[in-house]
1. In whole Å, how far is the Cα centre of the stretch 93-135 from that of the stretch 146-177?
2. The stretch 1-63 to the stretch 186-233: how many Å between their Cα centroids?
3. Once you charge only the Cβ atoms, +1 for Lys and Arg and -1 for Asp and Glu, what is the size of the charge dipole of the chain about its Cα centre, to the nearest 20 debye?
4. So between Ala44 and Asp159, what do we pick up on full extension, going 0.36 nm a residue minus the alpha carbon distance?
5. Report, to one decimal in Å, the Kirkwood hydrodynamic radius for the chain based on all distinct Cα pairs.
6. Listed highest first by mean packing, meaning other Cβ atoms within 10 Å per residue, what order do 5-13, 104-112, 120-128 come in?
7. I need the helices of the chain that pass two filters: whole DSSP H segments spanning 20 Å or more by Cα along the axis, and mean Kyte-Doolittle score no lower than 0.5.
8. Do any trypsin sites (Lys or Arg not before Pro) in the stretch 129-203 lie in a DSSP loop with no more than 15 other beta carbon atoms within 10 Å, and if so, which?
Amino acid sequence: MRDAVVTTEGDRIRWAELPGREPTRVYVHGLGATSPAYFAGVAAHPLLAGHRSLLVDLLGHGISDRPVTFDYTLEGHADALAAALTAAGAAGAEVIAHSMGGSVAVVLAARHPHLVSRLVLVDANLDPIPPTPGSGGSSGIAAHTEEEFLAGGWREVRDRAGAHWWSTMRLAGLEALHRSAVHLTRGSVPIMREILMELTIPRTFLLPEDDGPLPGADALAEAGVAVVPIPDCGHNIMLDNPEAFARATAHALAPTTTTTSHIVGTPVR
C-alpha cells in the first residue's frame, strides 16, 4: 500500500500498487466502491498484467481518508487524484475508471492533461441525472439533504444497495458518499460528455451490451471516442465478465489502437 497527502489539511489518498513496466496504469472505482475490490482481478489478468498498476481509492472511499471538510465535487476529486498521481510519479498514465470514477477521470484529463495519456471509461456517467427519491445509486442518495442522509437516510440506501455494494459502500464516509453523489448527479461544468469529446487522447467507453445503444454514441464516435458494448454483464463489467473486459481494455490500450468505435473487434460506422 502507498499513500500521498492530497489536501492542505494533510488528508491522504491511498492505493494498492502492483509493480511492472511503464506506462503506469491507474484504476479508479465508482461511487461507494474501492479499487482493490473491483479491479484487482482484471489488473492481474494475463492480458493486462505486467504494467505498474495503481488501484487508487478516491478521497472519502475505501482505505483513503474521509475528511468531512472536503467538498467532494468532481473537480475536487480530480485535483486530489492528481496530487496523488504526481506524488506517485505517474505522469502520462493510462487511466481505467468505472462509473463515477470515469467522470472524475474525464475531469482529471482536462484539468491535468500531463497525467493522462489514455482513458478507458467503464460505464461512466457522462451527463447529469435528476435526484429521484427511492431510486438506486447516486440519484437516490442525492434525493436526500445531507442532514437527512446523516440522520438515517443512509440506512435506506444501505437496504437498496444490497450486500455486495454495501460491503464497500460502508467503508465510505457518510459525508463523502452523499456529497459525491450530489455532485455526480449535477455533473461538471462543462458536462463530462462535452469534456470527453474535446479531449485529444485515445478514449474508449465500455458499456453493457444489454443496455442498448449508448445515448449520443454517434457524436462520441465522430469525436474519436471508441464505444465498445460488452456482452453478458451489468454495470460492474470488470466483475461480471472479466475476460471480455480484459480483452476490450487490452485492445484499447494497445499501442496501435485507433479511436474508431467498435464492438469488441468489429468496427461500427
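1. Cα centroid to Cα centroid, the span is 21 Å.
2. 23
3. Rounded to the nearest 20 debye, it is 580 debye.
4. Computed gain between Ala44 and Asp159 is 38.2 nm.
5. Kirkwood radius, the chain: 18.3 Å.
6. Per-residue mean Cβ counts within 10 Å order the peptides as 104-112, 120-128, 5-13.
7. Those that pass (Cα extent of 20 Å or more, hydropathy at least 0.5) are 74-88.
8. Numbers: sites: Arg155, Arg158, Arg160, Arg170, Arg179, Arg186, Arg193, Arg203; in loops: Arg170.
For trypsin sites (Lys or Arg not before Pro) across the stretch 129-203 that sit outside H, G, I, E and B with at most 15 neighbouring Cβ atoms in 10 Å, the list reads Arg170.
Read the figures in this text as sums done on the coordinates, not as results from a lab. The model shown is predicted, which means the values in this text are computed figures rather than measured ones. All Cβ positions, even for glycine, are placed from backbone atoms using ideal geometry, and neighbour counts span all protein chains on display.
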